[in-house]
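*Asks:* Below is a structure I'd like to ask you about.
The values are calculated or read from the model by the stated rules, or taken from the named source; none is laboratory data. All values derive from a computational prediction rather than experimental measurement. A quick note on method: Cβ atoms are made from the backbone with ideal geometry, for glycine too, and the neighbour counts reach across all protein chains shown.
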């Protein structure tokens, strides 16, 4: 195993995490809804899921799940329904257009909703079968046959860390913009946009074949 190959994987993974997807939409939704604290917890939930699935892939468990069609389909449709649910929540908020001023009760809501952000991040990622496909089909392309399982684990966790770093940077940027987006029309527009994106990802996941 060459370090140059590891560098190539890091470059590939960095490009991959920059492509907007369900993780991007979930973190954006949580940050704009409840601030940077909840956005960071959502990012942590996504990272936890990535690390868990990467570890499962290294242990061979993900391959068993992927080859067991009923289990794989159950995960897929759970992801479809959960993304649709999150999208519907955002669209309903946009339709109502009722928002508290930013900062009102933020400390209490932040403590109460932090784990809610982690839950949304974790569940949206763990039910995305594309993550399993990535760890089982894409990641091994960078490894030679017979390489130690530790390398697969290192690659998988590196991807999780890169994803976390990007999502935390996204959260920080959105947190600065949040005060500028405090106007009702902007908040409705952002809710409508993220809601439509989440529903769109749900539909895309539903129609795609494994």
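*Asks:* Within region 180-197, identify whether any single residue is crowded, with 18+ Cβ neighbours inside 10 Å, closer than 29 Å to residue 57 by Cβ and either more than 21 Å from the chain's Cα centre (by Cα) or at pLDDT 70 or above (or both), and answer yes or no.
*Replies:* Yes.
*Asks:* Further, regarding this structure: Scan region 10-27 for residues that are closer than 19 Å to residue 151 by Cα and surrounded by 19 or more Cβ atoms within 10 Å (Cβ to Cβ) and jot them down.
*Replies:* Of the residues in region 10-27, the ones closer than 19 Å to residue 151 by Cα are 10-14.
Result: 13, single match.
*Asks:* How many residues, within region 8-32, are under 15 Å from residue 171 (Cα atoms), over 8 Å from the mean Cα position of the chain (by Cα) and either assigned to a helix (DSSP H, G or I) or at pLDDT 90 or above (or both)?
*Replies:* Count: 7.
*Asks:* Of 143, 168, which residue is surrounded by 14 or more Cβ atoms within 10 Å (Cβ to Cβ) and modelled with pLDDT of 80 or more?
*Replies:* 168
*Asks:* Related question: List the residue pairs whose Cβ atoms are under 9 Å apart, where the first residue sits in region 1-18 and is under 20 Å from residue 133 (Cβ atoms), the second is modelled with pLDDT of 85 or more and exposed (fewer than 15 other Cβ atoms within 10 Å of the Cβ), and the two are 6 or more positions apart or on different chains.
*Replies:* 17/165
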